[in-house]
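The values are calculated or read from the model by the stated rules, or taken from the named source; none is laboratory data. Keep in mind that this is a model prediction, so the values were computed, not measured. No Cβ is skipped: glycine too gets one built from the backbone with ideal geometry, and neighbour counts run over all protein chains shown. Protein only, heavy atoms only, side chains kept; ligands, DNA and RNA dropped before computing areas. Shrake-Rupley method; radii C 1.70, N 1.55, O 1.52, S 1.80 Å.
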Amino acid sequence: MIEQKDKLKAQSGSKQDGGIQQFFSQENQDLLRGIMYPKHVEKGSNLFWEGDAADYLYYVHKGRIKVTKSADDGKEFTLYMHHKDDLIGYGDVLSESVHLLSAVAIEDCDLGVIQRKDLEVLLWQHGDLAVEFMRWQGATHMLTQTKMRDLLMFGKTGALCSLLIRLNNSYGEPWGEHRRITIKINNTEMSDMIGATRESVNRMLSDMKKEGIIDLVDGHIVIHDLEYLRNVCHCDNCPAHICRV
């Protein structure tokens, strides 16, 4: 039986992995923060749209940002959910390119903005920072590739299982003998993240709940059998900074 103190332990919005700490030394993190200027974005406001000039990178000090791609039929597909300490940039920020995705604040956010021209100067001056920046870009591409693999190769059930694993890596923490996702995410949001209908997500989650794979406690998903989820989506045990939302 889960103790009450365990239930109170989880705090919404906490995360375990990801962020610039995974890729940049403390010295180079300080260099990047030194060229940022502050920006506040209200919940529901767009940070950028598809087609906007990709002249900036954004560092999340506080809040969460959803990154989406629009289909020709108008359906919006959620690719990423960025949170504290994440660096956001889509398109080639080191050349005159445009954003291929859109980004919207799903909470009030405090951000640090890095201008392309300032970043270029910094990378020219610090070769080790340039190498770490390339590693960050490579990890971003790998994250996209693994998400596309999950969506295309193992069906909607496999994609949902992968999403639950990614949510656990990004927002999970101990809940007695199990794992609890500390943010509340509804079925519509999950359907947008795996390209499924809300009804199919409802059905898949209901089946998993009946089988004891997951549970729902006070609006939070609790994962009882992480190994089952890994088997369904043929988990490759990627590092947590790759296997994340």
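Points to keep in mind about this one:
- Any hit, region 94-117, residues being free of Cβ contacts under 8 Å to residues at least 24 places away in the same chain, within 30 Å of N237 (Cβ to Cβ) and of a type outside the set (D, E, K, R): no
- Screening L100 against (1) touching an Asp or Glu at 6+ places or on another chain (Cβ under 8 Å); (2) part of a loop (DSSP other than H, G, I, E, B); (3) crowded, with 20+ Cβ neighbours inside 10 Å leaves a single unmet condition, (3).
- Cβ pairs under 9 Å, 6+ apart, first in region 22-45 and closer than 18 Å to E120 by Cβ, second open to solvent by 40 Å² or more (accessible area, probe 1.4 Å) and in a loop (DSSP other than H, G, I, E, B): N28/H126; L31/H126
- For region 66-107, a tally of residues being more than 20 Å from M148 (Cα to Cα) and hydrophobic (A, V, I, L, M, F, W, C) returns 7.
- Conditions (1) open to solvent by 50 Å² or more (accessible area, probe 1.4 Å); (2) touching a residue at least 60 places away in the same chain (Cβ under 8 Å); (3) assigned to a loop (DSSP other than H, G, I, E, B): number failed by N237: (2)
- Residues (out of contact with any helix residue (DSSP H, G or I) (no Cβ under 7 Å at 6 or more places or on another chain), open to solvent by less than 50 Å² (accessible area, probe 1.4 Å) and either in contact (Cβ under 8 Å) with a residue 60 or more places away in the chain or in a loop (DSSP other than H, G, I, E, B) (or both)) located in region 186-216: D192, G212
- Answer from L111, L129 - the residue that is modelled with pLDDT of 95 or more, over 23 Å from the mean Cα position of the chain (by Cα) and surrounded by 18 or more Cβ atoms within 10 Å (Cβ to Cβ): L129
- Selected residue (criterion: farthest from D110 (Cα to Cα)) from residues of region 55-70 that are in contact with a Phe, Trp or Tyr (Cβ under 7 Å, 6 or more places away or on another chain) and open to solvent by less than 50 Å² (accessible area, probe 1.4 Å): T68
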